[in-house]
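Presented below is the structure to which this report refers.
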Amino acid sequence: MKKPIPEAKRAIILGIDGGHPELVQKFIKEGKLPNFERMMKEGVFKEALEPFPTITPPNWTTIVTGAWPGTHGITDFFLPPEPGQPLDKMQFAFDTRKSRAEYIWQAAERGGKKPILIKWEVSWPPNHHGIQIEGCGPGVVNLHELGPVRLHTIEELPLTARIHLEPARGWKGLEGSGESLEGKISLYLHGGAEKIYDLAIIKSGRAGYDKIIVAKDRDASRPVAVCTPGQWSDWVLDEFNLKPDPEKIKTQDAERGKIRKYAQKEIHDNQAVTTAQARAAGLGGEPPKDVAKGTFRFKLINLAGDASELEILTTQIWPVSGYTQPLELGPELLEKVGAFFTNPARDALHYGWIDEGTFFELMDYQHQWLAKAAKYLSSTREWDLLFVETHCCDYLSHFYLNYYQPECGASPSEQKNALSWLTRHYQSIDRMLGELLTIPDEETLFMIVSDHSGTGSAQQLLDSRKVLEQAGFLVYKTNPETGPRAVDWSKTKAFPQRGIYVYLNVKGRDPEGIVDPKDMDATVDQVIQAMMDYKDPATGKHPYSLILRKEDAALLGLWGDRIGDIVYAVRPEYDLEHGSELPTSRVGELTIRSLFFMKGPNVKKGLHLQRLTQLTAVAPTLAYLLGFPIPAQAEGAVLWEALEDPDFRVNQVKALRKELDRWKKLYAGLAVEYDLNPRPEVEE
Ligand SMILES: [Zn+2]
């Protein structure tokens, strides 16, 4: 008789935003990722095809609902305006309340299963009864932070905090040569308040200034933090008064305005915009009271021996409470797991405040924290589904792929540097994976999935607004109040919105619509024709890879009221590292496909899947294998190809029926003998 197929009782799902199938395979071949290699040998692997657009919110929502973006409605990084609002007013998309499809953890709870979500992407606010840690977004959306990552320096740089040094006076317990300097460290808090510490710079040896002491009330005998150059302080746990000073807010707003001139890419100012939007949408839950406890740490990035250079980094100030479900979990995590943060200072690396090594140290700390939290919660709580996410590989895509890929003009030394950091970060994830792999038993399914990966780009982003302006469909006017150009809706027939859509400005649908509904078909054709005719003046190339009427976009899983009248995709060289390019795109050796691994009961071993594997398959496959209801709007199919016995549920039912028949017969015999009250069919 065939041995019965074991059944998965639990599942662990590691999400790796931006996880790259080609890079993982390359590093596995080089023997650098032993735990990924183990996943490949003990289970199945595939370069999966993600939905379009190739960006975070739609794709994570597809992973956990099994539905296409057209169905769950999270159709881009942002969402379109509510009906009746101008076409350029976007809504925040990192919001589970906006999804129209049931989540896998909700379906699992219907089936009596218990979920734990640890920093799982696009899962906030929680919509289940299980445990959740954060889940707001990829370090671009820092809903719960008390204050952002900051650089403190004696130079005047936008968005940094200025330190003015002078001879130290009136300090208690200050060691050193007596030539110590002092200044103030000012931490910016959201809402406009500040936290100010005293800073002393001392000469502890003969080589000049070599140590900083952060303290309260100039008392160096009880320091808040101590660092030497290149060193991190211990974690600081402190109280923060969040009541703002109105005058300070004005200064800070002015500082914020300067960032556009300073940031390497304007897009990174999105962090402030998206966080503000998300908070405005009521996403952060109860805002912290006047005083909140939080954790952060210092790193002394640079201190010159004569104190002519000084750069100190402070990490994200993360609250002790308020970012978990249940709320009381926060202090317990701090005690048992350590200080948490979501943002490994990605913006600080973009601004050139920190070196790549410092970013790596924060990323690696986060990976250790995630593994420790997963081990702690899985050993102290009841659970059936454990979700853990790292955003590391997406940061890597945006930092390094342009320097890694020769197709993007990277020099050999840039390629070498990029490869070295890519390798180290993937190895950090591999170590986290190794820790997570100590949790499962033989009844646990283990899955790894990413939402997209990335390709290098040639940094010539396509602006479809220019294309439509040039063709006369989009008209701007100068805004008399604010100065910059604003859309002249009275003359605009078509408006590109978000990353992949064009909307017509339709009478009766849009606030200042001018296209008559009966002319829509003809106007859509004209706009598509103008886009098809467009060539990049710099290269003579046509930048679009696909331009579709709305109804044709069903091919890509896009439909409904949250997509435009036209859907387009751009060639990868006109896109950022991912987003507006097709899920099938490729630059050199890198595709943009997603990472998929699965091992456990009933899963084949050592198989590279050959059939089409889409991210819509993840939720149905988990539900099928664990035996809980399929999420209500799921459209994907179970990954039959991956299973030892795809028919095991049918065979289970057959075996149960057989068993039932046996019991019926036995029961019939007993009924006669003991004169039990027999059922009608037994009497026959
Ligand atoms: Zn992503």
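The values are calculated or read from the model by the stated rules, or taken from the named source; none is laboratory data. Please read all numbers here as calculations on a predicted model, not as lab measurements. For neighbour counting, all protein chains shown are included, and Cβ atoms are generated from backbone atoms with ideal geometry for every residue, glycine included.
Of everything in the stretch 403-414 that is part of a helix (DSSP H, G or I) and crowded, with 16+ Cβ neighbours inside 10 Å, the residue that is nearest to the ligand (Cβ to nearest atom) is 404. Considered as a group, the residues in the stretch 31-52 that are of a type in the set (A, V, I, L, M, F, W, C) and within 16 Å of the ligand (Cβ to nearest atom) include one that is nearest to residue 576 (Cα to Cα), and that residue is 52. Being without any contact (Cβ under 8 Å) to a residue 12 or more places away in the chain and either surrounded by 15 or more Cβ atoms within 10 Å (Cβ to Cβ) or in a strand (DSSP E or B) (or both) is a description that applies to residue 223. Annotation note: Cβ proximity below 9 Å between a residue of the stretch 41-66 that is touching a residue at least 40 places away in the same chain (Cβ under 8 Å) and closer than 20 Å to residue 109 by Cβ and a residue that is within 13 Å of the ligand (Cβ to nearest atom) and among the aromatic types (Phe, Trp, Tyr) (sequence gap 6+ or interchain) occurs for 60/120; 64/120. Which ones in the stretch 143-166 are out of contact with any Lys or Arg (no Cβ under 6 Å at 6 or more places or on another chain) and closer than 13 Å to residue 199 by Cβ? The answer is 152, 153, 154, 162, 163, 164, 165, 166.
Listed by position, the helices (runs of 4 or more DSSP H) inside the stretch 317-402 whose residues that are under 17 Å from residue 420 (Cα atoms) and touching a Cys at 6+ places or on another chain (Cβ under 6 Å) number at least 1 are 356-380. Among the residues of the stretch 279-296, some residue qualifies, meaning at least one is within 17 Å of residue 347 (Cβ to Cβ), at pLDDT 65 or above and under 30 Å from the mean Cα position of the chain (by Cα). Residue 108 meets the stated requirement of being buried (at least 24 other Cβ atoms within 10 Å of the Cβ), away from the ligand (no atom under 16 Å from the Cβ), small (Gly, Ala, Ser) and outside the structural domain of residue 505 (by TED's automatic domain parsing). Under the condition of being within 20 Å of the chain's Cα centre (by Cα) and free of Cβ contacts under 8 Å to residues at least 40 places away in the same chain, the residues counted in the stretch 405-441 number 0. So is residue 149 assigned by TED's automatic domain parsing to the domain that holds residue 633 and surrounded by 24 or more Cβ atoms within 10 Å (Cβ to Cβ) or not? No, not satisfied. Looking only at residues of the stretch 60-71 that are over 16 Å from residue 553 (Cβ atoms) and not aromatic (Phe, Trp, Tyr), we find that the one that is farthest from the ligand (Cβ to nearest atom) is 66. Do we have residue 55 as over 29 Å from residue 648 (Cβ atoms), out of contact with any helix residue (DSSP H, G or I) (no Cβ under 8 Å at 6 or more places or on another chain) and within 16 Å of the ligand (Cβ to nearest atom) here? Answer is yes for this residue. Give the residue that is farthest from the ligand (Cβ to nearest atom), with candidates limited to residues of the stretch 114-160 that are closer than 21 Å to residue 349 by Cα and among the hydroxyl-bearing types (Ser, Thr, Tyr). Step by step, filter the stretch 114-160, then rank; the result is 153.
Table: residues versus (1) buried (at least 21 other Cβ atoms within 10 Å of the Cβ); (2) within 16 Å of the ligand (Cβ to nearest atom); (3) free of Cβ contacts under 8 Å to residues at least 24 places away in the same chain.
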{"site": "510", "(1), (2), (3)": "yes, no, no"}
{"site": "518", "(1), (2), (3)": "no, no, yes"}
{"site": "545", "(1), (2), (3)": "no, no, no"}
{"site": "563", "(1), (2), (3)": "yes, no, no"}
{"site": "578", "(1), (2), (3)": "yes, yes, no"}
{"site": "583", "(1), (2), (3)": "yes, yes, no"}
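If only residues of the stretch 620-633 that are of a type in the set (A, V, I, L, M, F, W, C) and within 16 Å of residue 11 (Cβ to Cβ) are counted, the one that is nearest to the chain's Cα centre (by Cα) is 622. Six or more apart or on different chains, Cβ under 8 Å: which pairs go from a residue in the stretch 610-624 that's over 15 Å from residue 69 (Cβ atoms) to one that's β-branched (Val, Ile, Thr) and surrounded by 22 or more Cβ atoms within 10 Å (Cβ to Cβ)? Could you list them? That search, which allows pairs on different chains as well, returns 622/13; 622/104; 623/104.
Restricted to strands (runs of 3 or more DSSP E) entirely inside the stretch 505-606, those with at least 2 residues that are over 28 Å from the mean Cα position of the chain (by Cα) are 544-549.
Within the stretch 15-30, the set of residues being away from the ligand (no atom under 16 Å from the Cβ) and out of contact with any helix residue (DSSP H, G or I) (no Cβ under 8 Å at 6 or more places or on another chain) comprises 22, 25, 26, 29, 30.
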